[in-house]
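J.: Here it is, the structure in full.
The values are calculated or read from the model by the stated rules, or taken from the named source; none is laboratory data. Here the structure is a predicted model, which is why all the values come from computation and not from measurement. Note that we place each Cβ from the backbone using ideal geometry, even for glycine, and neighbour counts take in every protein chain shown. Side chains are part of the model used for accessible areas, which takes the heavy atoms of the whole protein and leaves out ligands, DNA and RNA. Shrake-Rupley method; radii C 1.70, N 1.55, O 1.52, S 1.80 Å.
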Amino acid sequence: MELMTYHTQAVLQVTAPSRASVCTVSRLQLSWVNTDFTNPSTFILLGIPGLEMAHVWISIPFCTIYVLAVLGNFTILFIVKIELSLHGPMYYFLCMLAVSDLVLSTSILPKTLNIFWFNSREIDFSACLTQMYFIHCFSSMESGIFVAMAFDRYVAICDPLRHSTILTNPVVAKIVLAVVLRGSMLSLPSLLLVRQWQYCRTNIIPHSYCEHIAVVKLACTDIRVSSYYSLSVAFLVTGLDGFFITVSYIQILRAIYRLPTKDARLKTFGTCISHLCAILTFYIPKFFSSLTHRFGHNVPLHFFILSANVYLLVPPLLHPLIYGLRTKEIRDRLLQLFTQKGV
């Protein structure tokens, strides 16, 4: 009864401007609360509960971030494609990072903006699972890309004479394939587990997208297997990737420290700055979002949801800026394009 009252109040609060909508959604919800079934046809996303009146205002920075992220990542892809001197391992990984960022931001924002602008809250069950899969798959892939980029920096600094013979195009292709397969395969069991659960509590998700924890909490069966698996994958991916990145940079710093002059050390370390900044912009929001979900029991719900959106939207915006400003080859080619067009 408490659960039914809570969700009815949430629906009334979110759709208060339309009495017809309240009646329709409430009847839909009540039928779901008392029914035992598998694979519901639709879920209802609430957006950001508690900030419904500010949805339109929140959509402005969200939309701006998304547009800039799309423009920035497509610019990176375009420059690497047309500039033959950038056809190397580091830039191939950078292109893969750009594609991953585009997929991650696009997987959530169009639906979120539909909620904010048009009050379009329903999402098909299959679409919800697809969205969840893309988020987990490409987040894991992005983490793997950073490991590949750290390995590239390690070889370039610690064994520069063999860089071109170690990271050949076939080797790069195998690394990319391994990153893609790992992300795809590790994310699939979570999707299958979520699909098999029975949902008899409610079809209302208090979130702006189909976030894994928010969805599995609606199941009326024992979801410990799903929780343990998702937690294990998170520790496996983040833990192992963080370990490999740390080991790579320990070796890099040791090699830099052995250089004879201060200028040489600064110049060599400067080639790693953009990669380190990109890593921080990815892992810090992710780590912060995970901590608030696990331990922030007294944190308002809207803060959880905002942090979850920031984790997926801000890195795709910052990565092109970081590499565009810090990578001389990309910066020079971009300036050349603007100069040729008379901008």
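J.: Hey, in the GNM for the chain with a 10 angstrom Cα cutoff, which one of VAL103, VAL56, VAL225 fluctuates hardest?
T.: Comparing VAL103, VAL56, VAL225 in a Gaussian network model of the chain, the most mobile one is VAL225.
J.: My understanding is that a pair violates if its Cα-Cα distance is over 31 Å; which of LYS111/LYS217; LYS174/LYS217; LYS111/LYS328 do that in this structure?
T.: On the way: LYS111/LYS217 21 Å; LYS174/LYS217 38 Å; LYS111/LYS328 37 Å.
Checking Cα-Cα distances, LYS174/LYS217; LYS111/LYS328 exceed 31 Å.
J.: Next question, about the same structure. Computed over the Cα atoms of segment 99-181, what is the convex hull's projected area averaged over all directions, in nm²?
T.: On the way: hull surface 26.7 nm².
Mean projected area of the Cα convex hull: 6.7 nm².
J.: Same structure, new question: Which of ALA308, ALA255, ALA278 ends up with the largest GNM mean-square fluctuation for the chain, with Cα atoms connected below 10 Å?
T.: In the Gaussian network model the winner is ALA255.
J.: Next up: For q values of 0.10 Å⁻¹, compute log₁₀ I(q)/I(0) with the Debye formula on a Cα-only model of segment 208-343, without solvent.
T.: Log10 I(q)/I(0), no solvent term: -0.54.
J.: In the Gaussian network model of the chain, springs joining C-alpha atoms below 10 Å, which of MET149, MET53, MET132 carries the largest mean-square fluctuation?
T.: For the chain, modelled as a Gaussian network with Cα springs under 10 Å, the answer is MET53.
J.: Something else: Report the charge-dipole magnitude of segment 198-343 in Debye, nearest 20, computed about the Cα centre from +1 at each Lys and Arg Cβ and -1 at each Asp and Glu Cβ. Let's see the in-between values first.
T.: Numbers: 15 positive and 6 negative charges, 97 e Å.
Roughly 460 debye, rounded to the nearest 20.
J.: Leaving ligands, DNA and RNA out of it, report the carbon-plus-sulfur percent of the accessible area of the chain at a 1.4 Å probe. Provide the component values of the computation, followed by the final result.
T.: Details: 12020 of 17410 Å².
Taking all protein chains in place, the chain shows 69 percent carbon and sulfur surface.
J.: Moving on to the next point. Residue by residue, what Karplus-based ³J(HN,Hα) values in Hz, rounded to whole numbers, does segment 41-51 have, using 6.51, -1.76 and 1.60 with θ = phi - 60° and x for Gly and Pro?
T.: Ordered by residue, 3J(HN,Hα) equals 6, 9, 10, 10, 8, 8, x, 10, x, x, 10 Hz.
J.: For segment 64-146, max minus min Cα coordinate along each principal axis, in Å, sorted largest first?
T.: Computed over the Cα atoms, the extents are 47, 25, 16 Å.
J.: What is the distance, in nm, between label points placed 7 Å from the Cα along the Cα-to-Cβ direction at ASP222 and at ALA264?
T.: Each label point lies 7 Å from its Cα, and together they span 6.3 nm.
J.: On to the next question. From zero outward in steps of 5 Å, how is the percent of C-alpha pairs of segment 157-231 spread across the bins?
T.: Whole-percent P(r) values from 0 Å outward: 3, 13, 17, 15, 11, 7, 7, 7, 8, 6, 4, 2, 0.
J.: OK, next. Between PHE118 and VAL299, what is the FRET efficiency for a Förster distance of 30 Å, r being their Cβ-Cβ separation, to the nearest 0.05?
T.: With R0 = 30 Å, the Cβ-Cβ based efficiency is 0.55.
J.: Solvent-accessible area per residue for segment 135-228 at a 1.4 Å probe radius, Å²? Before the final figure, lay out each step's value.
T.: Working: 4030 Å² over 94 residues.
Value returned for segment 135-228: 43 Å² of accessible area per residue.
J.: Next up: Evaluate E = 1/(1 + (r/R0)^6) for ALA255 and LEU335, where r is the Cβ-Cβ distance and R0 equals 35 Å; express this FRET efficiency to the nearest 0.05. All intermediate terms of the calculation are to be shown ahead of the outcome.
T.: Numbers: r = 31 Å, r/R0 = 0.90.
Efficiency, from the Cβ-Cβ distance: 0.65.
J.: Given only helices, namely DSSP H runs of n ≥ 4 each adding -39500 (n - 2.57), what is the per-residue ellipticity at 222 nm of the chain, to the nearest 500 deg cm²/dmol?
T.: Working: 12 runs with 264 residues, N = 343.
Per the formula, -27000 deg cm²/dmol.
J.: Going by Cα centres, segment 212-286 and segment 52-108 are how many Å apart?
T.: 20 Å
J.: What is the P(r) of the chain, as percent of Cα-Cα pairs per 10 Å bin from 0?
T.: 5, 22, 30, 21, 13, 7, 2, 0
J.: Using unit Cβ charges (K, R positive; D, E negative) and no other charged atoms, how large, in debye to the nearest 20, is the dipole of the chain about its Cα centre? Present the calculation step by step, with values, prior to reporting the outcome.
T.: Working: 25 positive and 16 negative charges, 152 e Å.
The dipole magnitude comes to about 720 debye.
J.: Can you find, among ILE223, GLY239, ALA264, the residue sitting farthest towards the positive end of the charge dipole of segment 209-273, where Lys and Arg contribute +1 and Asp and Glu -1 at Cβ?
T.: ALA264
J.: I would also like to ask the following. What distance in nm separates the simple spin-label points at THR106 and VAL171, each placed 7 Å from Cα in the Cβ direction?
T.: 3.2 nm
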